[in-house]
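The values are calculated or read from the model by the stated rules, or taken from the named source; none is laboratory data. Just so you know, these numbers come straight off a predicted model, no measurement behind them. With ideal geometry, Cβ positions are generated from the backbone for all residues, glycine too; neighbour counts draw on all protein chains shown. We work out accessible area using only protein heavy atoms, side chains counted, and drop any ligands, DNA or RNA first. Shrake-Rupley method; radii C 1.70, N 1.55, O 1.52, S 1.80 Å.
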Amino acid sequence: MKHIEKKAPPRSFTEHIPSSGKWAEFSRTRKKHTKQYMLEQEQNHLCCYCEKNIKGADAHIEHIRPKRDYPELTFEYSNLLVSCQGTHCSPDEEDTTVYICGHKKDSNFDEDLFLDPSQLRDISAYFEFDDNGGISPSAKDPIKASYMINLLQLNEPQLAQSRENVAKGIRINLMKAGANPASRQKLKTILANESQDFISFLRHYFNPIVS
Ligand SMILES: [Zn+2]
């Protein structure tokens, strides 16, 4: 997870908040615009929790503090992030089971344990990775980090596998190119790309090579 710097809300959001205060009455078009704005302007197109690179259609607006228990924050812009849908959606299967991230979290939220990526500049320091794509709590605050990993299922096997696969794909390409200054520079470019899938994991995985 990495820090998300919230900006001022877009007018397509602020000017169309329904007077009822009900999320269901905020139009699909406005939700789409808001989601797109947040992905482009604040999140570098990455899911706020798992860091998968997502398009608007694969994503939803996530209420950090759930609407059910914090109805007054339903349209509080600082309470909104964009999360992936959390399914294993490969085009050829219609598995709608939710495995990870915002929909998995649902209305669960513990004020004392939740690590909010929009508030904590050093949120990535709460987590560590192994080389197989697994995530675990760092020594910083293992209780809170464990809560988050469990709440969002950040060690779900297919997610961990996806992280490992992205790293392996990059490694194979680099090996093909050979160990030379050009491939080293290419790797540095990948690690500097804030829109790169699973960037925190990749930095863990490859930083020992480039630094
Ligand atoms: Zn996600």
Rounded accessible area of V210 (nearest 10 Å², 1.4 Å probe): 20
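Quick one: ranking K32, K144 by accessible area, 1.4 Å probe, largest first, what do you get? Each step should come with its number before you reach the end.
Details: K32 135, K144 65 Å².
Final ranking, largest accessible area leading: K32, K144.
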For F127, residues with placed amide H under 5 Å, excluding near neighbours: S138
Under Karplus coefficients 6.51, -1.76 and 1.60, residue-wise ³J(HN,Hα) of segment 44-57 in Hz, glycine/proline x: 6, 6, 9, 4, 5, 10, 8, 6, 6, 6, 10, 9, x, 5
Under Karplus coefficients 6.51, -1.76 and 1.60, residue-wise ³J(HN,Hα) of segment 176-193 in Hz, glycine/proline x: 4, 6, x, 7, 9, x, 5, 6, 5, 5, 4, 5, 4, 5, 4, 6, 8, 7
Solvent-accessible surface ranking, highest first, for R30, R184 at 1.4 angstrom: R184, R30
Where labels lie 7 Å past Cα in the beta-carbon direction, separation of E15 and A192 in nm: 3.8
About the Cα centre, charge dipole magnitude for the chain (Lys/Arg +1, Asp/Glu -1 at Cβ), debye: 780
Å² per residue, accessible surface of the chain at 1.4 Å: 53
Theoretical gain in end-to-end length, S211 to F114 [0.36 nm per residue, Cα-Cα removed]: 31.7 nm
Solvent-accessible area, 1.4 Å probe, carbon plus sulfur percent, for the chain: 49
Whole-Hz couplings from phi, Karplus 6.51/-1.76/1.60, listed for segment 132-144; x for Gly and Pro: 8, x, x, 10, 8, x, 7, 6, 4, 7, x, 5, 5
Largest-first ellipsoid semi-axes for the chain, taking √(5λ) over the Cα gyration tensor eigenvalues, angstrom: 31, 19, 17
Estimated FRET transfer efficiency when R0 is 41 angstrom, pair R121-K176 (beta carbons, to 0.05): 0.65
